[in-house]
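Note sheet for the following structure.
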Amino acid sequence: MLYPGEAELVSRAVDKRRREFRTVRHCARRALRQLGLPPVAVLRGERGEPLWPPGVVGSMTHCSGYRAAAVAHSCDVHALGIDAEPNEPLPAGVLDAIASAQEQGRLSQLAAADGTTRWDRLLFCAKEAVYKAWFPLTHRWLGFEDAAVTIERGRTDPTQGTFAARLLLPGIPHAGPPLTELHGQWLRSDELVITAIVLSAATPR
């Protein structure tokens with residue numbers, strides 16, 4: 001069920017997009033309940049970011065066959081970013097648009113060690129999570145070229161690992177010291193790659 005103001009946001013969307021919109025907001029309201037908060041409409045901000053109730057930070061993601069939302073109290077977590085993508089190669093031409101030569105070289109090394117994970121898609125997924133964590137803090141655009149992402153494989157489990165994003169923009173004023181780097185984790189199944197960033201209130205920014 002959509003809440004007041006939500007239906008208008010997808011009134012011209014195709015049915016697939018409307019279903020994704022509904023179910024990811026259902027996830028968001030379930031997550032809010034787990035924080036002890038009442039369910040509310042989750043509208044969109046200036047860049048399409050979800051607008052959460054005061055005192056809440058969060059992130060949502062949806063792709064074919066998967067929807068998810070994560071929320072936290074802002075006194076505990078400064079920012080959240082999650083993203084999910086199919087574990088499939090990126091369409092032709094996309095990698096050159098999102099990755100530097102250095103990043104592409106690192107992807108080649110990862111692919112030589114593990115051909116099951118679609119590393120190009122994982123890089124895209126990680127950069128999406130970076131943006132979702134970045135924008136609510138700064139309200140500034142962050143292009144794919146503005147974050148240099150290094151992906152690390154798990155030492156014992158090939159289906160998970162970590163990544164670090166070095167932010168290449170000059171320090172942007174926000175409620176805290178300038179952001180220079182974000183760290184996250186990734187998971188992979190046969191069907192999906194999933195990334196998440198949590199910037200804890202206890203973590204120096």
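The values are calculated or read from the model by the stated rules, or taken from the named source; none is laboratory data. Small disclaimer: the values here were computed from a predicted structure and weren't measured. With ideal geometry, Cβ positions are generated from the backbone for all residues, glycine too; neighbour counts draw on all protein chains shown. What goes into the accessible areas is simple: the full protein's heavy atoms, side chains included, and nothing from ligands, DNA or RNA. Shrake-Rupley method; radii C 1.70, N 1.55, O 1.52, S 1.80 Å.
Whenever a residue of the stretch 88-113 is on the phi > 0 side of the Ramachandran plot, it has no partner that is among the aromatic types (F, W, Y) and open to solvent by 70 Å² or more (accessible area, probe 1.4 Å) lying with C-beta atoms less than 6 angstrom away and at least six residues away or across chains. Being of a type in the set (A, V, I, L, M, F, W, C), under 18 Å from the mean Cα position of the chain (by Cα) and modelled with pLDDT under 90: is that true of L142 here? Judged against the criteria, L142 is not a match.
Pairs linking a residue in the stretch 37-54 that is farther than 13 Å from Y3 by Cα to a residue that is of a type in the set (S, T, N, Q), with Cβ atoms under 8 Å and 6 or more positions apart or on different chains, are P50/S59.
On the stretch given as the stretch 1-21, residues that are surrounded by 15 or more Cβ atoms within 10 Å (Cβ to Cβ) and out of contact with any helix residue (DSSP H, G or I) (no Cβ under 8 Å at 6 or more places or on another chain) total 1. The combined condition, being within 24 Å of R166 (Cα to Cα), of a type in the set (V, I, T) and either open to solvent by 30 Å² or more (accessible area, probe 1.4 Å) or in contact with a His (Cβ under 6 Å, 6 or more places away or on another chain) (or both), is fulfilled by V94. Looking only at the stretch 39-86, residues that are over 16 Å from the mean Cα position of the chain (by Cα) and in a strand (DSSP E or B) come to 3 in all. Taking L110 as the residue in question, decide whether it is in contact with a helix residue (DSSP H, G or I) (Cβ under 7 Å, 6 or more places away or on another chain), in a helix (DSSP H, G or I), over 25 Å from Y66 (Cα atoms) and not charged (D, E, K, R). Answer is yes for this residue. When T180, T156 are screened for being β-branched (V, I, T), open to solvent by 50 Å² or more (accessible area, probe 1.4 Å) and within 20 Å of the chain's Cα centre (by Cα), only T180 passes. Scanning the stretch 120-138 turns up no residue that is assigned to a loop (DSSP other than H, G, I, E, B) and either over 23 Å from A202 (Cβ atoms) or touching a strand residue (DSSP E or B) at 6+ places or on another chain (Cβ under 6 Å) (or both).
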